[in-house]
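Right, one structure below, let's go through it.
Every number here is computed from the coordinates shown, using simple stated rules; none is lab data. Remember, predicted model here, so these are calculated numbers, not experimental data.
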Amino acid sequence: MNRIGKKEIAPDAARLFENEILGLQREIPREELCALVDDYVYYQTDGMTRQEARAVVDETCRARKRD
């Protein structure tokens, strides 16, 4: 996986990573999926704080649950 060089593209990267996981394991529980996306965004984005990563996940992965 490539590093996410700019925080601005983290939401797009989170959506792509989420889709990759769903392609491999369709029946993964939503909270487990969002936790994986959270870790991915946090560890792969330069200068990202844990709080910022959670905000990205709330905006992307967790927002889909409410649809």
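Between 0 and 90 degrees, rounded to the nearest ten: what's the tilt of helix 10-24 against the longest Cα principal axis of the chain? Around 30 degrees separate the two axes. For residue 45, the residues 5 or more places off, or on other chains, whose built amide H falls under 5 Å of its own are 4. Please report the base-10 log of the normalised intensity I(q)/I(0) for region 7-65, using a Debye sum with one equal scatterer per alpha carbon and no solvent, at each q in 0.23, 0.26 (1/Å). Per q value, in the given order, log10 I(q)/I(0) is -0.82, -1.03. Report, in degrees rounded to the nearest 10, the 0 to 90 angle that the Cα long axis of helix 50-59 makes with the longest principal axis of the chain. It is inclined by approximately 50 degrees. Length gained on full extension, residue 32 to residue 19, computed as 0.36 nm times the residue gap minus the Cα-Cα distance: 3.3 nm. Using θ = phi - 60° in the Karplus curve 6.51 cos²θ - 1.76 cosθ + 1.60, the 3J(HN,Hα) couplings for region 26-36 round to 4, 9, 5, x, 4, 5, 5, 4, 5, 5, 5 Hz; x is entered for Gly and Pro.
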